[in-house]
Amino acid sequence: DTAVSQTPKYLVTQMGNDKSIKCEQNLGHDTMYWYKQDSKKFLKIMFSYNNKELIINETVPNRFSPKSPDKAHLNLHINSLELGDSAVYFCASKKDLQYFGPGTRLTVL
Amino acid sequence: DQQVKQNSPSLSVQEGRISILNCDYTNSMFDYFLWYKKYPAEGPTFLISISSIKDKNEDGRFTVFLNKSAKHLSLHIVPSQPGDSAVYFCAASVAGETQGGSEKLVFGKGTKLTVNP
């Protein structure tokens, strides 16, 4: 059983497109996160949600809009994709520790 | 502004020997430190942590040492095994700074460990 799952695993798209990445956790956790790992390998927090409520927003451009339809899901929608958005995006959920999903590699051409 | 630094991008050791991975931090407010391990095409998985009230925490082959005055921590793996080959991320947080249950982890860039048979 996968604890934190993300779809798709790979996403290749053109600049200017809008795309979504989905995340689901079956751990019953209240808190979920999105992280971005850029080409320099830094893993940086973007957002956190607690029970569908936005808690942390790390000054991410408003082209990025997280949506939490229920506490088991935290999806990431990205409008008007730019070259610099190319990265690996990780979802995580937390009770005592953060559990990460496998990542989604986004490539913007 | 790198608050958590892992200055060695890679480390190679022989099976059975000790692996020592280092991490430095600049924010003196950090009081909780974690190590995560990451295999290719997978997400990071929690390995071991330490609170600032301790200077050592041990779990099987893994030991984390914390030197608060030097703002330095290290992860020791002994004996190293080929299955330990992965990228190791150091992370830190201010434990009291949780908002609505959300903690903000600050990660280093990672060190790629290769354990040779």
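The values are calculated or read from the model by the stated rules, or taken from the named source; none is laboratory data. The model shown is predicted, which means the values in this text are computed figures rather than measured ones. When we count neighbours, we look across all protein chains shown, and the Cβ atoms used for this are built from the backbone with ideal geometry, even at glycine. These area figures cover heavy atoms from the full protein model, side chains too; ligands, DNA and RNA do not enter into them. Shrake-Rupley method; radii C 1.70, N 1.55, O 1.52, S 1.80 Å.
Given the conditions (1) within 20 Å of residue A:45 (Cα to Cα); (2) open to solvent by 40 Å² or more (accessible area, probe 1.4 Å), report the number of the one that residue B:83 does not fulfil.
If we test residue B:83 against (1) within 20 Å of residue A:45 (Cα to Cα); (2) open to solvent by 40 Å² or more (accessible area, probe 1.4 Å), just (1) comes out false.
What are the residues in segment A:58-109 that are touching a His at 6+ places or on another chain (Cβ under 7 Å) and either at the interface with chain B (Cβ under 8 Å from one of its Cβ atoms) or in a loop (DSSP other than H, G, I, E, B) (or both), if any? Walk me through how you get there before you give the answer.
Initial filter on segment A:58-109 (touching a His at 6+ places or on another chain (Cβ under 7 Å)): A:65, A:67, A:93-95.
Result: A:94, A:95.
Only one of (1) within 14 Å of another protein chain (Cβ to nearest Cβ); (2) more than 30 Å from residue A:57 (Cβ to Cβ); (3) polar (S, T, N, Q) is not met by residue B:51, so which one is it?
In the conditions (1) within 14 Å of another protein chain (Cβ to nearest Cβ); (2) more than 30 Å from residue A:57 (Cβ to Cβ); (3) polar (S, T, N, Q), residue B:51 misses (2) alone.
Output the residue which, of all residues in segment A:66-78 that are more than 13 Å from residue A:35 (Cα to Cα) and touching a strand residue (DSSP E or B) at 6+ places or on another chain (Cβ under 9 Å), is least open to solvent (accessible area, probe 1.4 Å). Break it down into steps so the answer makes sense when it comes.
Going through segment A:66-78, the residues more than 13 Å from residue A:35 (Cα to Cα) turn out to be A:67-73, A:77-78.
From what is left, the residues that are touching a strand residue (DSSP E or B) at 6+ places or on another chain (Cβ under 9 Å) are A:67-69, A:71-73, A:77-78.
Details: A:67: 118, A:68: 24, A:69: 82, A:71: 82, A:72: 28, A:73: 52, A:77: 57, A:78: 2 Å².
Restricting to residues being more than 13 Å from residue A:35 (Cα to Cα) and touching a strand residue (DSSP E or B) at 6+ places or on another chain (Cβ under 9 Å), the top hit is A:78.
Mind counting the residues in segment A:14-30 that are open to solvent by 80 Å² or more (accessible area, probe 1.4 Å) and closer than 22 Å to residue B:45 by Cβ?
Adding up the residues that qualify gives 3.
Can you find even one residue in segment B:32-50 that is out of contact with any strand residue (DSSP E or B) (no Cβ under 7 Å at 6 or more places or on another chain) and closer than 18 Å to residue B:95 by Cα? Spell out the reasoning first.
Of segment B:32-50, the ones out of contact with any strand residue (DSSP E or B) (no Cβ under 7 Å at 6 or more places or on another chain) are B:40-42.
Then keep just the ones that are closer than 18 Å to residue B:95 by Cα; that gives none.
Within segment B:32-50 (the criterion being out of contact with any strand residue (DSSP E or B) (no Cβ under 7 Å at 6 or more places or on another chain) and closer than 18 Å to residue B:95 by Cα), the answer is no, since none of the residues qualifies.
Under the condition of being among the polar types (S, T, N, Q) and over 14 Å from the mean Cα position of the chain (by Cα), which residue from segment A:46-61 is least open to solvent (accessible area, probe 1.4 Å)?
First, the residues of segment A:46-61 that are among the polar types (S, T, N, Q): A:48, A:50-51, A:57, A:59.
Imposing the further condition that a residue be over 14 Å from the mean Cα position of the chain (by Cα) reduces the set to A:50-51, A:59.
Values: A:50: 38, A:51: 85, A:59: 130 Å².
The selected residue is A:50.
What single numbered condition from (1) away from chain B (no Cβ under 14 Å); (2) over 21 Å from residue B:43 (Cα atoms); (3) in contact (Cβ under 8 Å) with a residue 24 or more places away in the chain; (4) in a strand (DSSP E or B) fails to hold for residue A:55?
So the condition that residue A:55 fails would be (1).
Looking at this structure, is residue B:34 buried (at least 19 other Cβ atoms within 10 Å of the Cβ), touching a residue at least 60 places away in the same chain (Cβ under 8 Å) and either closer than 25 Å to residue A:94 by Cβ or under 13 Å from the mean Cα position of the chain (by Cα) (or both)?
Numbers: buried (at least 19 other Cβ atoms within 10 Å of the Cβ): yes; touching a residue at least 60 places away in the same chain (Cβ under 8 Å): yes; either closer than 25 Å to residue A:94 by Cβ or under 13 Å from the mean Cα position of the chain (by Cα) (or both): yes.
Yes: the conditions hold for residue B:34.
Here's the yes/no breakdown for (1) touching a residue at least 24 places away in the same chain (Cβ under 8 Å); (2) touching a Lys or Arg at 6+ places or on another chain (Cβ under 6 Å); (3) open to solvent by less than 50 Å² (accessible area, probe 1.4 Å):
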site	(1), (2), (3)
A:12	yes, no, no
A:80	yes, yes, no
A:83	yes, no, no
A:87	yes, yes, yes
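What about residue B:92, is it small (Gly, Ala, Ser), surrounded by 14 or more Cβ atoms within 10 Å (Cβ to Cβ) and under 10 Å from the mean Cα position of the chain (by Cα)? Even if it seems obvious, please write down each step before you answer.
Details: small (Gly, Ala, Ser): yes; surrounded by 14 or more Cβ atoms within 10 Å (Cβ to Cβ): yes; under 10 Å from the mean Cα position of the chain (by Cα): yes.
When the stated conditions are applied, residue B:92 passes them.
Look at residue A:33 and say whether it is within 11 Å of another protein chain (Cβ to nearest Cβ), touching a Cys at 6+ places or on another chain (Cβ under 8 Å), of a type in the set (Phe, Trp, Tyr) and crowded, with 16+ Cβ neighbours inside 10 Å.
Working: within 11 Å of another protein chain (Cβ to nearest Cβ): yes; touching a Cys at 6+ places or on another chain (Cβ under 8 Å): yes; of a type in the set (Phe, Trp, Tyr): yes; crowded, with 16+ Cβ neighbours inside 10 Å: yes.
Judged against the criteria, residue A:33 is a match.
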